[in-house]
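The values are calculated or read from the model by the stated rules, or taken from the named source; none is laboratory data. This structure is a prediction, so every number in the text was calculated from the model and none was measured. Positions of Cβ are generated from backbone atoms using ideal geometry, with glycine treated the same way; all protein chains shown enter the neighbour counts. Side chains are part of the model used for accessible areas, which takes the heavy atoms of the whole protein and leaves out ligands, DNA and RNA. Shrake-Rupley method; radii C 1.70, N 1.55, O 1.52, S 1.80 Å.
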Amino acid sequence: MSIPTRVKLVDVGPRDGLQNEKQPVPAAVKIELVHRLQDAGLTEIEVTSFVSPKWVPQMADNAAVMAGIARNAGVRYSVLTPNLQGFEAALKSKPDEIVVFGAASEAFSQKNINCSIAESIERFAPVVQAARAAGIHVRGAMSCTVGCPYEGVIAPERVSYLAGLMKGIGVQHVGVADTIGVGTPLKVQRAMEATLKHYDLNDVSGHFHDTYGQALANTLVCLQMGVWQFDTSVAGLGGCPYAKGATGNVASEDVVYLLHGMGIETGIDLDKLVDAGKFISDFLERKPNSRAATAILNKRLN
Ligand code: HMG
Ligand code: MG
C-alpha cells in the first residue's frame, strides 16, 4: 500500500479540544474558532456534542454554537450524539454528520456513556437509522482501541468486535481512537488492521491523543497503511473528562507540517491554522500545545 497523496483532517478542537476545559468558553469564542478553522482550509470540523450538560457542562451551548456558525458550503460540520435524545436535539441544528461513540473497553463504556458496549449499540441503532433516513452521514468513534484507563491493554480482537457491531447497525465510517495516547506504532497498526476486517480503507480514520508523544508516529504508520483520514485538534487541545490523565489530540499544526513535508496535500494553510491555534490558546491563557506552531510563532518574532 502506498502513502496517500492527499489527506483529509477533521479538526476536533471545538469539541474534543474544548470539552475538557474547566473554565467556561463562551459560545462566541467557539464560533470564532470554527470560523478560523474553516478559513484555514479545514473541510471537516467537529463542532460540539449533544450530550448531557450534567456530564459535560462545557458542551451545554451546543445549539447556540451550531446556530452561530456562518457555514461554508464545502465544509462538513459534525456533532456527537450518544442517544436518540441527543440526536433529536442535534437535528434542529442541521449537522452534516453525527458521531456515535462507543468503546472497545467495557469499563470505559460504562464510565463515559453509562452503559455496556452491547447497550450502547442498542442505543446507537435507532440513532443511525434516523440519521441515515434524514440523509445525515454517520461516523462512529471507537475509544480505547489500544489501551483503557481502567482495563489497561486492549486486544485487537476487542476492536474488531466493536467495529463489526458498528458496521452491523449501519455506521458508515469509524475512527480508531487512542483515547489516552498510550499507543505505539505496531499496536496502533494492529488496532487499525482489526478495524479493516469490517471497514474499507476509505471508511476509517485515526484519532490519536498525544499523551506519550507517540501520535505523529502512530499517524505515520497509518499513512503507510494507506489511511488518509485523521482527527486532529488545533493547538493540541483536548482530552476526555472520563479518561483521567489523557492529554489532547495530536495538534493539527504538527500533522499538517508532517504531511506537507512529505508532499501530501491537505488544502490547509498552515499559517492560518497556527493563527487559529494562537487565538484559542490566547483565550485559554496558555501556549499552543504544538511543536510546529511554537516553531512558526518563534520564527515570526525574528
Ligand atoms: P444517563 O444518565 O445514563 O442517561 O447518561 P439517561 O438516559 O438515564 O438520562 C439521565 C438524564 O440525562 C436525564 O435528565 C436526561 O434527560 C439526560 P434528568 O431527567 O436527570 O434531568 N440526558 C440528556 N441530556 C442532554 N442530551 C442528551 C441526554 N441524554 C440523556 N443526549 C449519557 C447517558 C450518554 C447522556 C451520558 O453518559 C453522557 O452525556 N455522556 C457523555 C460523555 C461525553 O460526552 N464524553 C466525551 C465525549 S467522547 C470522547 O471524548 C472520546 C472521543 O474523542 C474518541 C476518543 O478519543 O476516544 C470521541
Ligand atoms: Mg478523543
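Would you pick out the residues in the range 238-275 that are among the aliphatic types (A, V, I, L, M), within 14 Å of ligand 1 (Cβ to nearest atom), in contact with a helix residue (DSSP H, G or I) (Cβ under 7 Å, 6 or more places away or on another chain) and open to solvent by 10 Å² or more (accessible area, probe 1.4 Å)?
Hits for the range 238-275: nothing passes.
How about the range 57-111: which of its residues are in contact with a strand residue (DSSP E or B) (Cβ under 6 Å, 6 or more places away or on another chain) and among the charged types (D, E, K, R)?
Of everything in the range 57-111, those that are in contact with a strand residue (DSSP E or B) (Cβ under 6 Å, 6 or more places away or on another chain) and among the charged types (D, E, K, R) turn out to be R76, D96, E97.
Between a residue in the range 274-285 that is under 10 Å from V234 (Cα atoms) and any residue that is open to solvent by 10 Å² or more (accessible area, probe 1.4 Å) and among the small types (G, A, S), which pairs come within a Cβ distance under 9 Å, given they are 6 or more apart or on different chains?
Listed pairs, sorted by first residue: V274/A292.
Mind checking which pairs have a first residue in the range 57-76 that is farther than 13 Å from P24 by Cα and within 15 Å of ligand 1 (Cβ to nearest atom) and a second that is open to solvent by less than 50 Å² (accessible area, probe 1.4 Å) and small (G, A, S), Cβ under 6 Å, 6 or more apart or different chains?
Going by the 6 Å Cβ cut-off, the qualifying pairs are A63/S93; A64/A27; V65/A27; M66/S93.
Given (1) away from ligand 2 (no atom under 15 Å from the Cβ); (2) over 17 Å from the mean Cα position of the chain (by Cα), where does P149 come up short, assuming only one miss?
P149 satisfies all of (1) away from ligand 2 (no atom under 15 Å from the Cβ); (2) over 17 Å from the mean Cα position of the chain (by Cα) except (1).
Among what's in the range 245-284 and is modelled with pLDDT under 95 and more than 17 Å from Q23 (Cα to Cα), pick the residue that is nearest to the chain's Cα centre (by Cα).
Only one residue fits best here, namely A246.
Need a quick list: helices (runs of 4 or more DSSP H) entirely within the range 119-225 having at least 1 residues that are of a type in the set (G, A, S) and open to solvent by 30 Å² or more (accessible area, probe 1.4 Å).
In the range 119-225, the matching helices (runs of 4 or more DSSP H) lie at 156-168, 215-224.
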